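Read through the structure below, which is laid out as structure tokens, and then see the notes.
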Amino acid sequence: MGDRSGEASALKNLADVLDDLGDHGEAKKFYEIALNLFRQLGQEDGVAVTLINLGYAQKDLGDLAGAQRAFEDSFAISSKLGNERRQAQALNSLGVILSRRGNIEEAAKRYNQAVQHFRESGDRSDAATVLANIAILLQNEGRLDEAQKKLE
């Protein structure tokens with residue numbers, strides 16, 4: 001039908017399903033195809049969301065450096081577009097990766113930035129999720145009183 005935008009969205013959605021089914025390698029392939037198509041079409045929001053999803057597939061495949069790059073790129077695009085919610089998603093995702101890579105201080109910084117962006121976009125639910133991520137970091141460091149405050 002010639003709807004290349006619809007094709008890119010369908011490819012991303014197919015990758016989402018494959019990723020949910022645990023076939024991260026196949027999902028990665030479809031995310032990359034969708035990503036290239038969104039880029040060709042100049043659809044930066046499609047690029048930003050696909051990068052986040054690609055980053056999680058890479059994380060699940062053990063490619064933490066690749067995941068970090070994808071989340072950083074998504075954040076940069078979302079910042080340029082002024083999309084607070086997508087910025088927050090990318091920052092939270094970066095926090096996850098930085099935490100797994102052992103960079104707790106930077107993870108906490110990204111999480112705190114994500115909370116701010118989620119609050120600015122009016123997304124209290126995702127802000128609460130990120131606060132729980134911060135609480136886990138604090139708990140792992142033995143800072144239980146601070147962790148409890150974040151959870152509250």
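Among the residues of segment 77-86, those identified as surrounded by 15 or more Cβ atoms within 10 Å (Cβ to Cβ), modelled with pLDDT under 95 and either at positive phi or of a type outside the set (Lys, Arg) (or both) are ASN83, GLU84.
Residue by residue, here is whether (1) open to solvent by less than 30 Å² (accessible area, probe 1.4 Å); (2) of a type outside the set (Gly, Ala, Ser); (3) closer than 21 Å to ASN83 by Cβ; (4) touching a residue at least 24 places away in the same chain (Cβ under 8 Å) holds:
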position: ASN13; (1), (2), (3), (4): no, yes, yes, no
position: ASP23; (1), (2), (3), (4): no, yes, no, no
position: ARG39; (1), (2), (3), (4): no, yes, yes, no
position: GLY42; (1), (2), (3), (4): no, no, yes, no
position: ALA48; (1), (2), (3), (4): yes, no, yes, yes
position: LEU54; (1), (2), (3), (4): yes, yes, yes, yes
position: GLY62; (1), (2), (3), (4): no, no, no, no
position: ALA65; (1), (2), (3), (4): no, no, no, no
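Residues of segment 105-116 include none that is modelled with pLDDT of 90 or more, outside any helix (DSSP H, G or I) and exposed (fewer than 15 other Cβ atoms within 10 Å of the Cβ).
For first residues located in segment 88-102 and charged (D, E, K, R), partners that are in a helix (DSSP H, G or I) and lie 6+ apart or on another chain with Cβ distances below 8 Å form the pairs ARG100/LYS59; ARG100/LEU64; ARG101/LEU64; ARG101/GLN68. Taken residue by residue, segment 102-118 has no member that is basic (Lys, Arg) and more than 22 Å from GLY55 (Cα to Cα).
The set of residues in segment 67-76 being among the aliphatic types (A, V, I, L, M) and open to solvent by 30 Å² or more (accessible area, probe 1.4 Å) consists of ALA76 alone. Considering segment 106-152 alone, what residues qualify as being charged (D, E, K, R) and either under 19 Å from PHE75 (Cα atoms) or touching a residue at least 24 places away in the same chain (Cβ under 8 Å) (or both)? If the condition is that a residue be charged (D, E, K, R) and either under 19 Å from PHE75 (Cα atoms) or touching a residue at least 24 places away in the same chain (Cβ under 8 Å) (or both), then GLU106, LYS109, ARG110, ARG119, GLU120, ASP123, ASP126, GLU141 are the ones that fit.
Within segment 121-152, being of a type in the set (D, E, K, R), surrounded by 12 or more Cβ atoms within 10 Å (Cβ to Cβ) and not in a helix (DSSP H, G or I) holds for ASP123, GLU141, ARG143. Taken over segment 87-104, the residue count meeting the criterion of being open to solvent by 60 Å² or more (accessible area, probe 1.4 Å) and under 25 Å from GLU44 (Cα atoms) is 0.
The values are calculated or read from the model by the stated rules, or taken from the named source; none is laboratory data. For clarity, every value in this text was computed on a predicted model and none was experimentally measured. Neighbour counts are summed over all protein chains in view; Cβ atoms, including those assigned to glycine, are modelled from backbone coordinates with ideal geometry. All accessible areas refer to the heavy atoms of the entire protein, side chains included, with ligands and DNA or RNA removed. Shrake-Rupley method; radii C 1.70, N 1.55, O 1.52, S 1.80 Å.
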